[in-house]
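Here is the structure we will look at, set down as structure tokens.
The values are calculated or read from the model by the stated rules, or taken from the named source; none is laboratory data. None of the values given here were measured: they were computed from a predicted structure. A quick note on method: Cβ atoms are made from the backbone with ideal geometry, for glycine too, and the neighbour counts reach across all protein chains shown. Surface areas here come from the heavy atoms of the whole protein model, side chains and all, with no ligands, DNA or RNA. Shrake-Rupley method; radii C 1.70, N 1.55, O 1.52, S 1.80 Å.
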Amino acid sequence: MHPITATRAAQTAGAPGDFRIEAEDGAARAGVLHTGHGPVPTPIFMPVGTVGSVKALAPDDLNALNARIILGNTYHLYLRPGDEIVARRGGLHRFAAWDKPILTDSGGYQAFSLSGLRKISEEGVLFRSHLDGSKHLFTPEKVLDIQRNLGSDIMMVLDECVPYGTDHDYTARSIRLTTRWALRSRAAFPAEMTRGGAAHNLLFAITQGGFFRDLRTASVEELAPHDFDGFAIGGLSVGEPKPEMYELLAHTAPQLPAGKPRYLMGVGTPLDIMAGIRCGVDMFDCVLPTRNARNGTLYTSLGKVNIKRREFAEDDGPLDPACSCYACRTFSRAYLRHLYVSGELLSFRLNSLHNLTHYLDLVTRARQHILAGTFEDLYAATAALYPDDAA
RNA sequence: GCGGACGUAGCUCAGUUGGCAGAGCACCUGGUUGUGGCCCAGGGGGUCGUGGGUUCAAUCCCCAUCGUUCGCC
């Protein structure tokens, strides 16, 4: 079939918001999520492009490595260049020349990561801009306005992400606030206006609950009955010991509505992602592959490679013999190390290209294994590759 | 040629009224989880230009010498 015809066929195979599960292997699922910009096979990893750019890469690169959906950030794009400027340019897809789906984070995480610059109230989050110090009130309604201006395919509700170590009392009040915000979001932007509108903006809710099983369950129970297009697990990987993260993940993921996509936010390492899939999670995003690429930590079929190490100074072999990315096909480890040590821009590009290729290949293989009923083999192989990361 | 200043870690330089030799950067090794290319943690490294002298003890004081540099003739 002609590529364009094939794309149209795939797009018409489901309406935006449809999530079809094709196979299950244990708790792991292989499916397809339909969006306003085409289908997304799951499980999927979503490269992070905070300000409308996956750092160091162009859309051509993302297509080459088989990226199917990328992330943008409400808070960052609202501050710069401004969501209305993006809207007047035809939305983020047109502005950034990316024609596949975009998921936008709500800014809830920035309330956590930039916690010195914000104040949380019933109304919303008051931010002090990290760029110029100006104040901005982000309400649940406002962040959806922004995300609609951006033309987001998958909008995230505003949530409160509490730091590791937050006590039960505060966390209990926090999940109720996050629930109220989610319901305000849905009420202000009903499904017929978002998913059913011209832009087909899906809306995902975010469950929280810190590191308390009862609160994780409560958060899911409060949100699950409502008409969201997907459900996320937020607030993990915020500094807790690994076993605790895996425990809460295994506790929470199976409770999320089975027929909707499940999204584990901000996670994680290759093994974290395999662990998530094994618990029934469908979608992941993480800055790790791109940030670590820029800092010389590369993920390969042989495990983690610190390309800055001196031992690679005269290593003429490819970074990863099993990888088909441009960097692995073309350059030696010695050259990649030289580029990194020299601070060359090409180092950011090649390393990012490689790490994202590795991540996308990994979830693609996960999908194939689920369809074949052999996902446990892939999980075991990944766990063996990262013995120190295992729970 | 005369006079002065300076020679301490790979680099730029502190410091010691004479008592186990310091910083920043660089280098090496980790870390990085809903992104500020940042940041964090740990580590290796010096016959204190060289040779003498004084002293219990000299990188420090004295002499000589080599080097760098500035000024003057």
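Tabulated data
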{"read-out": "Filtered residue count, segment A:150-166, keeping only those that are over 13 Å from A:ILE120 (Cβ atoms) and either in a helix (DSSP H, G or I) or modelled with pLDDT of 95 or more (or both)", "value": "8"}
{"read-out": "Long-range neighbours under 8 Å by Cβ, at least six apart or interchain, first residue more than 17 Å from A:THR357 (Cα to Cα) and within 16 Å of RNA strand B (Cβ to nearest atom) within segment A:314-343, second open to solvent by less than 60 Å² (accessible area, probe 1.4 Å) and of a type in the set (Val, Ile, Thr)", "value": "A:ARG337/A:ILE307; A:TYR340/A:ILE307"}
{"read-out": "Residue in segment A:315-331 that is closer than 30 Å to A:SER53 by Cβ, at pLDDT 95 or above and among the aromatic types (Phe, Trp, Tyr) present", "value": "yes"}
{"read-out": "Subset tally (residues that are in a helix (DSSP H, G or I) and touching a residue at least 40 places away in the same chain (Cβ under 8 Å)) for segment A:77-88", "value": "7"}
{"read-out": "Leading residue by the ranking (nearest to RNA strand B (Cβ to nearest atom)) among those in segment A:279-313 that are within 30 Å of A:GLY259 (Cα to Cα) and among the acidic types (Asp, Glu)", "value": "A:ASP285"}
{"read-out": "Filter result for A:ARG213 (open to solvent by 10 Å² or more (accessible area, probe 1.4 Å), within 12 Å of RNA strand B (Cβ to nearest atom) and touching a helix residue (DSSP H, G or I) at 6+ places or on another chain (Cβ under 6 Å))", "value": "no"}
{"read-out": "Complete set of residues in segment A:40-60 that are over 16 Å from the mean Cα position of the chain (by Cα) and either within 15 Å of RNA strand B (Cβ to nearest atom) or not acidic (Asp, Glu) (or both)", "value": "A:ALA56, A:LEU57, A:ALA58, A:PRO59"}
{"read-out": "Options A:ARG173, A:ARG128, A:ARG148: the member that is within 15 Å of RNA strand B (Cβ to nearest atom) and basic (Lys, Arg)", "value": "A:ARG128"}
{"read-out": "Single condition A:LEU353 does not satisfy, out of (1) in contact with a Phe, Trp or Tyr (Cβ under 8 Å, 6 or more places away or on another chain); (2) surrounded by fewer than 21 Cβ atoms within 10 Å (Cβ to Cβ)", "value": "(2)"}
{"read-out": "Close pairs (7 angstrom Cβ cut-off, 6 or more residues apart or separate chains): in contact (Cβ under 8 Å) with a residue 40 or more places away in the chain in segment A:89-109, among the basic types (Lys, Arg) anywhere", "value": "A:PHE95/A:ARG89; A:LYS100/A:ARG68"}
{"read-out": "Test result for A:ASP60, charged (D, E, K, R), more than 28 Å from A:ARG173 (Cα to Cα) and open to solvent by 40 Å² or more (accessible area, probe 1.4 Å)", "value": "yes"}
{"read-out": "Residues being of a type in the set (A, V, I, L, M, F, W, C), open to solvent by 50 Å² or more (accessible area, probe 1.4 Å) and touching a Ser or Thr at 6+ places or on another chain (Cβ under 6 Å) - total across segment A:285-338", "value": "1"}
{"read-out": "Selection count where residues are open to solvent by 10 Å² or more (accessible area, probe 1.4 Å) and among the polar types (S, T, N, Q), scope segment A:130-152", "value": "3"}
{"read-out": "Flag if A:ALA380 is surrounded by 23 or more Cβ atoms within 10 Å (Cβ to Cβ) and free of Cβ contacts under 8 Å to residues at least 60 places away in the same chain", "value": "no"}
{"read-out": "Close pairs from segment A:226-241: first modelled with pLDDT of 95 or more, partner buried (at least 23 other Cβ atoms within 10 Å of the Cβ) and among the acidic types (Asp, Glu), Cβ under 7 Å, at least 6 apart", "value": "A:GLY234/A:ASP159"}
{"read-out": "Of residues in segment A:94-115 being of a type in the set (Gly, Ala, Ser) and within 11 Å of RNA strand B (Cβ to nearest atom), the one most open to solvent (accessible area, probe 1.4 Å)", "value": "A:SER113"}
{"read-out": "Residue count, segment A:306-324 (criterion: in a loop (DSSP other than H, G, I, E, B) and touching a Gly at 6+ places or on another chain (Cβ under 9 Å))", "value": "3"}
{"read-out": "Output for segment A:237-272, where each listed residue is within 13 Å of RNA strand B (Cβ to nearest atom), open to solvent by 10 Å² or more (accessible area, probe 1.4 Å) and in contact with a strand residue (DSSP E or B) (Cβ under 7 Å, 6 or more places away or on another chain)", "value": "A:MET265, A:GLY266"}
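Yes or no, residue by residue, for (1) modelled with pLDDT under 95; (2) closer than 13 Å to A:ILE102 by Cβ; (3) crowded, with 23+ Cβ neighbours inside 10 Å:
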position	(1), (2), (3)
A:THR7	yes, no, no
A:ASP25	no, no, no
A:GLY31	no, no, no
A:GLY38	no, yes, no
A:ALA67	no, yes, yes
A:GLY72	no, yes, yes
A:HIS76	yes, no, no
A:ARG80	yes, no, no
A:VAL86	no, yes, yes
